[in-house]
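Asker: Starting off with a structure, shown below.
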Amino acid sequence: MRWSRYFWYTSKEDPADTEAPSHKLLIKGGFIKQVSAGVYEFTPPGVRVLRKIENVVRKEMDRSGAQEVLLTVLNPAELWKETGRWELYGRELFTLKDRNGRDYCLGPTHEEEITDLVRSFVNSYRQLPLILYQIQTKFRDEKRPRFGLIRGREFIMKDAYSFDADEFSAMMSYETMKFAYDRVFKKLRLKTLMVEASVGAIGGISSHEFVVLTDYGEARVAYCESCGYAANAEVVKLSKPQEEKEEERPLEQVETPSTDTIEKLSNFLGVPPRKILKAVLYIVDGLTPVMFIIRGDRNVDENKVSMVLGTENFRLAEDQELWELLRTKKGFIGPFNLNSSIKVYWDNSTYGVKNAVIAFNKPDYHYVNANPGRDFQYGEFVDVCQVEEGDPCPKCGASLRVSRGLEVGHIFLLGTRYSEPMRAYYKDPQGQEKPIIMGCYGIGISRCISAIVEQHNDERGIKWPTSVAPFELDLICVNPTDPQQKEVAEHLYLLSEEMGIETIYDDRDESPGFKFADADLCGFPYRIIVGKKVKEGKVEVQCRQTGEKWDVGIQEAIREVKKRIEEDKK
RNA sequence: CGGGGUGUAGCUCAGGUGGAAGAGCGUUGGCUUUGGGAGCCAAAGGUCGCAGGUUCAAGUCCUGCCACCCCGACCA
């Protein structure tokens, strides 16, 4: 491809309104252009990267026996009503009506549709197992799109669905996908961590996420460097700590004016936050108050709360509700003198404290030196504590590391969540009707572009792994007005095409620095520079990943680059 | 959905206290230049996010709305 004719425009200036390196570089490098919040266009080079990723995924899916389908973007509401998700999915669902007033949505995921497809053809155990997949644009009306392709409202996803006759077979399908995912991410040069994930309120059986560690992810991931345990922070179990050994001091009521945060209270009393018992009041389903007591230096993990409550429909109580329910205000909530209708849960972290500070619903007062058994009674213990760096690994007890991560893949053994309500049944060898066991497996294709850039960039720009680079080779003619340079460059261009190298030939009439800067920014794995040295029969080869550069004879240049490209792609 | 911020040329931004719409980059034409985002000359380019209001006069002040970005809660 001759750059002078190619629809590819980079920017010298950093784009405004971008934060994440991948977002910045993809826009600056002219791979994508924003159309509205979370909606992006792909330019020709952007599409080339996208297609390469798709093809890596496609190849590994096909290799593991999955078969490609193409479902629809426009989904009729009826299917979604069959599983109840028309209501459950909530505001994330992009919905619309046709001219006759019939309801549709733009598919955010395709369990309903694939189940419908399968139930209409599969009716015998002989037709199972089966794995179908598609690569399709999805739509989710996200509350907050973020970081370019990392979280869009329109995005491209590979979603696969497995159909099995029994749970054992379903586990096999699950494992097959797990291995396929490992291969995919290896080929994309994405360092991922496979973490245990929440099976969520829909009650799946098993679930793992493939996570890229980066500050611009939205998942919190905990992992153990000593035993290899890794999990989404929300599923890491934290148990009761050792009982503290400390002499019990006499209980006091202390006036603690306007200490409405743990920090203020801790400073005011000169007591470390871990000795303070914090109470948090939630309102469930808009009416039922539920109180959680947790150690002051810890935070409530609302994902864990939803597990305890069995619903996601809860929120923190507002100031007015605190007054109506407890006659107190924020900072002075405690488990004392409560109306019996208020359920109180004690987080495991509160176990065994001695001489604690705790509020008792009297504004501007706290108890100091409160001790369990003597001054208050524990109730039901739960685990709603957000995991922090250094917490004990639930497998081996070593210190956990906690880090932000970007979820690029998710595998989920669904069971019969969809097949049951949609009556996707098959007849077993005994002639019994049974629901198909399903699994679903996603890879965020467009998100992977960002993830790769997050892991492969430097201050000059992107460093694409060869397997996904828009072009493998950037051929730069330093001075196209020099007939000798021009001739050599044209020759090498033709030769590279002949050798099957994907080459962009930078024949633009621009200054050398301009072309070099673009080469760095756009991240081609290899660069051949045709410049002054052609007089000595040499050109320069550069490798973007390693930064090495060396001169080679004009005749050897293409062959040498070809060899390296082949190496990279293994 | 809560909190914060931004909106002026294609892009990045400047425009105290109201008084003729600006710069750099990019674009177009010309000349020069060619190993790290070149130089000189000339030119084109604007619904100052939108709608109201105050005022002799609004990019600037007031009200409402919209869009986008960031932080939190949620998804690949």
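The values are calculated or read from the model by the stated rules, or taken from the named source; none is laboratory data. Not measured: the values here are computed from a predicted model. Every residue, glycine among them, receives a Cβ derived from its backbone with ideal geometry; neighbour counts consider all protein chains shown. When the accessible area is computed, the model is the full protein with side chains, heavy atoms only, and any ligands, DNA or RNA have been set aside. Shrake-Rupley method; radii C 1.70, N 1.55, O 1.52, S 1.80 Å.
Asker: Could you compute how much accessible surface A:ARG146 exposes when probed at 1.4 Å, giving the result in Å² to the nearest 10?
Answerer: Result for A:ARG146: roughly 40 Å² accessible.
Asker: Here's a follow-up. Given the rule -39500 (n - 2.57) for each run of at least 4 DSSP H residues, summed and divided by the residues of chain A, what is its mean residue ellipticity at 222 nm, to the nearest 500 deg cm²/dmol?
Answerer: Details: 13 runs with 147 residues, N = 570.
It lands at -8000 deg cm²/dmol.
Asker: To the nearest 0.05, what FRET efficiency results for A:ASP428 and A:GLN67 with a Förster distance of 22 Å applied to their C-beta separation?
Answerer: 0.45
Asker: Could you report the range A:450-570's accessible area per residue, 1.4 Å probe, as an integer in Å²? Mind showing how you got there, number by number?
Answerer: Details: 5240 Å² over 121 residues.
Averaged over the residues of the range A:450-570, the accessible area is 43 Å².
Asker: Could you check the spin-label model distance between A:GLU252 and A:ASN100? Points 7 Å from the Cα along Cα→Cβ, value in nm.
Answerer: Using points 7 Å along Cα→Cβ, the separation is 7.8 nm.
Asker: Now for a different question. Where does the range A:48-165 land on Rg(C-alpha)/(2.2 N^0.38 Å)?
Answerer: 1.17
Asker: Turning to a different aspect of this structure: Just name one of A:TYR282, A:GLY331, A:HIS366: the one whose Cα is farthest towards the positive end of the charge dipole of the range A:252-382 (beta-carbon charges, Lys/Arg +1, Asp/Glu -1).
Answerer: The Cα lying farthest towards the positive end belongs to A:HIS366.
Asker: Along the range A:110-124, what does the Karplus equation 6.51 cos²θ - 1.76 cosθ + 1.60 (θ = phi - 60°) give for ³J(HN,Hα), rounded to whole Hz, x for Gly and Pro?
Answerer: Coupling constants for the range A:110-124: 10, 4, 4, 5, 5, 5, 5, 4, 5, 5, 7, 10, 9, 9, 9 Hz.
Asker: Between the alpha-carbon centers of the range A:379-399 and the range A:1-68, tell me the distance in whole angstrom.
Answerer: When both Cα centres are located, 40 Å separates them.
Asker: Take the solvent-accessible surface of the protein heavy atoms, probe 1.4 Å, and return the percent of it on chain A that carbon and sulfur atoms account for.
Answerer: On the way: 12890 of 26330 Å².
The value for chain A is 49 percent carbon and sulfur by accessible area.
Asker: On to the next question. Too long at a 32 Å Cα-Cα cut-off: which of A:LYS535/A:LYS563; A:LYS178/A:LYS434; A:LYS143/A:LYS237; A:LYS97/A:LYS191; A:LYS264/A:LYS395? Don't skip to the end; give the middle numbers.
Answerer: Working: A:LYS535/A:LYS563 25 Å; A:LYS178/A:LYS434 26 Å; A:LYS143/A:LYS237 28 Å; A:LYS97/A:LYS191 43 Å; A:LYS264/A:LYS395 36 Å.
Where the Cα-Cα span goes over 32 Å, the pairs concerned are A:LYS97/A:LYS191; A:LYS264/A:LYS395.
Asker: Could I ask something else about it? Remind me, relative contact order of chain A in percent, using alpha carbon pairs under 8 angstrom and six or more residues apart? Write down the numbers at each step before the final one.
Answerer: Numbers: 1202 pairs, mean separation 95.5, N = 570.
Here the relative contact order equals 17 percent.
Asker: When only the heavy atoms of the protein chains count and the probe is 1.4 Å, how do A:CYS396, A:CYS105 rank by accessible area, highest first?
Answerer: On the way: A:CYS396 65, A:CYS105 0 Å².
So the residues, ranked largest to smallest area, are A:CYS396, A:CYS105.
Asker: What percent of all Cα-Cα pairs in the range A:252-382 falls in each 10 Å bin, counting up from 0?
Answerer: 13, 47, 35, 6
Asker: Sticking with this structure for a sec: Which lysines have a Cα less than 16 Å from the Cα of A:LYS532, not counting those fewer than 8 places away in the same chain?
Answerer: Leaving aside lysines fewer than 8 places away in the same chain, those within reach of A:LYS532 are A:LYS486, A:LYS515, A:LYS549.
Asker: From the phi of every residue in the range A:74-90, what ³J(HN,Hα) in whole Hz does the Karplus formula 6.51 cos²θ - 1.76 cosθ + 1.60 yield, where θ is phi - 60° and glycine or proline is x?
Answerer: Working through the residues one at a time gives 8, 10, x, 4, 3, 4, 6, 6, 4, 9, x, 7, 4, 8, 4, 5, x Hz.
Asker: Set the bar at 23 Å for Cα to Cα. Now go through A:LYS187/A:LYS562; A:LYS275/A:LYS362; A:LYS12/A:LYS570; A:LYS33/A:LYS59; A:LYS463/A:LYS562 and name every pair that lies beyond it.
Answerer: On the way: A:LYS187/A:LYS562 19 Å; A:LYS275/A:LYS362 19 Å; A:LYS12/A:LYS570 35 Å; A:LYS33/A:LYS59 28 Å; A:LYS463/A:LYS562 18 Å.
Distance filter (> 23 Å) returns A:LYS12/A:LYS570; A:LYS33/A:LYS59.
Asker: Something else: In percent, what relative contact order does the range A:167-312 have, based on Cα pairs under 8 Å that are 6 or more apart in sequence? Spell out each step's value before the answer.
Answerer: Numbers: 135 pairs, mean separation 21.2, N = 146.
For the range A:167-312, the relative contact order is 15 percent.
Asker: Please work out how much accessible surface A:THR214 shows to a 1.4 Å probe, ignoring ligands, DNA and RNA, in Å² rounded to 10.
Answerer: The value for A:THR214 is about 20 Å².
Asker: Still on this model: Can you give me the Rg/Rh ratio for the range A:341-458, using Cα atoms for both radii and the Kirkwood formula for Rh? Could the numbers behind the result be given before it?
Answerer: On the way: Rg = 24.7 Å, Rh = 20.7 Å.
Result for the range A:341-458 is an Rg/Rh of 1.20.
Asker: Okay, next question. In Å and whole numbers, how far do the C-alpha atoms of chain A stretch along each principal axis, longest first?
Answerer: Dimensions of chain A along the principal axes of its Cα atoms: 93, 68, 51 Å.
Asker: Report the charge-dipole magnitude of the range A:225-377 in Debye, nearest 20, computed about the Cα centre from +1 at each Lys and Arg Cβ and -1 at each Asp and Glu Cβ. Before the final figure, lay out each step's value.
Answerer: Details: 19 positive and 23 negative charges, 54 e Å.
Approximately 260 debye in magnitude.
Asker: A further question on this structure: Give, in nm to one decimal, the length gained when the segment between A:ASP17 and A:ASN123 is fully stretched (0.36 nm per residue of separation minus the Cα-Cα distance).
Answerer: Values: separation 106, 0.36 × 106 = 38.16 nm, distance 5.27 nm.
Additional length available on full extension: 32.9 nm.
Asker: From the phi angles alone, apply the Karplus equation (6.51, -1.76, 1.60; θ = phi - 60°) to the range A:405-420 and give each ³J(HN,Hα) in whole Hz, x where the residue is Gly or Pro.
Answerer: x, 10, 7, 9, x, 8, 10, 8, 8, 7, x, 10, 3, 9, 5, 5
Asker: Ranked from the most accessible area to the least, with a 1.4 Å probe and all protein chains present, what is the order of A:ARG126, A:ARG447?
Answerer: Working: A:ARG126 190, A:ARG447 50 Å².
Result, largest first: A:ARG126, A:ARG447.
Asker: Next question, about the same structure. So who's got an amide H within less than 5 Å of the one on A:GLY334, skipping anything under 5 residues away but keeping other chains? H placed 1.01 Å off N, in plane.
Answerer: When sequence neighbours closer than 5 places are left aside, the close amide H contacts are A:ASN361.
Asker: What number, in nm² with one decimal, is the all-direction average of the projected area of the convex hull of the alpha-carbon atoms of the range A:471-569?
Answerer: Details: hull surface 22.0 nm².
Quarter of the Cα hull surface area: 5.5 nm².
Asker: Another question, then. Give me Rg/Rg_expected for the range A:460-519, where Rg uses Cα atoms only and Rg_expected = 2.2 N^0.38 Å with N residues. All intermediate terms of the calculation are to be shown ahead of the outcome.
Answerer: Values: Rg = 12.1 Å, N = 60, 2.2 N^0.38 = 10.4 Å.
Against the compact-globule rule of thumb, the ratio is 1.17.
Asker: Treating only the Cβ atoms of Lys and Arg (+1) and Asp and Glu (-1) as charged, compute the dipole magnitude of the range A:471-569 about its Cα centre; round to the nearest 20 debye.
Answerer: Values: 15 positive and 23 negative charges, 59 e Å.
Dipole magnitude for the range A:471-569 comes out near 280 debye.
Asker: While we're on this one: Using a 4.7 Å cut-off between beta carbons, which cysteines in chain A end up with no partner cysteine at all?
Answerer: When partners are defined as cysteine Cβ atoms under 4.7 Å apart, chain A leaves A:CYS105, A:CYS385, A:CYS440, A:CYS448, A:CYS477, A:CYS522, A:CYS543 without one.
Asker: Taking amide H positions as placed in the peptide plane 1.01 Å from N, state which residues far from A:ASP507 in sequence (5 or more) or on other chains have amide H under 5 Å from it.
Answerer: Those lying under 5 Å, H to H, from A:ASP507 are A:TRP3, A:SER4.
Asker: At 1.4 Å probe size, what's the solvent-accessible area of A:MET171? Round to the nearest 10 Å².
Answerer: Spelled out: A:MET171, probe radius 1.4 Å, area about 70 Å².
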